[in-house]
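Heads up, the thing below is written out as structure tokens.
The values are calculated or read from the model by the stated rules, or taken from the named source; none is laboratory data. Everything quoted here is computed from the prediction, not taken from an experiment. Backbone-built Cβ (ideal geometry, glycine too); neighbour counts: all protein chains shown. Calculation scope for accessible area: heavy atoms of the full protein, side chains included, ligands and nucleic acids excluded. Shrake-Rupley method; radii C 1.70, N 1.55, O 1.52, S 1.80 Å.
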Amino acid sequence: MQDFPTFLFTQDKQAFKSSPQQTLKSANQKLGATYKGVNEFIGMLQVASSKLNQILKILLACSFDQTDITSTQIPLSELSIKTTQALSEVEEILKAQFLGTAIFDAPLSTHILDTHLSICIQSPMALAPDIKAMATYIEEKLQEVQSLLALLSEMLTQPTNAQFENIDSQNIAKIFKG
């Protein structure tokens, strides 16, 4: 499972008391790495959302039910060609990557605070040639991605002081005094 760096900021009081500058430097590096991981996860979800929307648009454009076929009298050979072209376009989109990591058929996850977030967007090609089933699956995954993005937004905008519970404020003040 592709796991982006963890967004956890915990400190050992003893370590901080013995070497506050080194511990603060280490904490800043860890915090920077974790923010990077969460940002990468968000970027991955945004790209996934875009790709899922592209796939959905292709599938809906090619989705015909029996009534459509009868009323427009589309020849089955033409329908077959359109379906094949649509599936080919979908296969190309499924090759999408973000920072060298596959978006589809790869479980993706991150940690933020004490919460593990993950998603796996399997290729809808297993449902082919059932275009409607593929579109339904893509809509469900799109909703899942949007829900994760909303949750991340909420988690990142909620203030929390829990990150700093174990830091001795007097030692922090000493660092700034020199």
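What number in nm² do you get for region 100-154 if you take the convex hull of its Cα atoms and divide its surface by four?
Working: hull surface 17.6 nm².
Projected over every direction and averaged, the Cα hull of region 100-154 covers 4.4 nm².
Can you put Leu156, Leu149 in order of accessible area, largest first, using a 1.4 Å probe? Display every interim value, and only then the final one.
On the way: Leu156 75, Leu149 35 Å².
Largest to smallest exposure gives the sequence Leu156, Leu149.
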* Asked: Any idea how far apart Ser109 and Leu151 come out in nm if each label point goes 7 Å out from Cα toward Cβ?
  -> 1.2
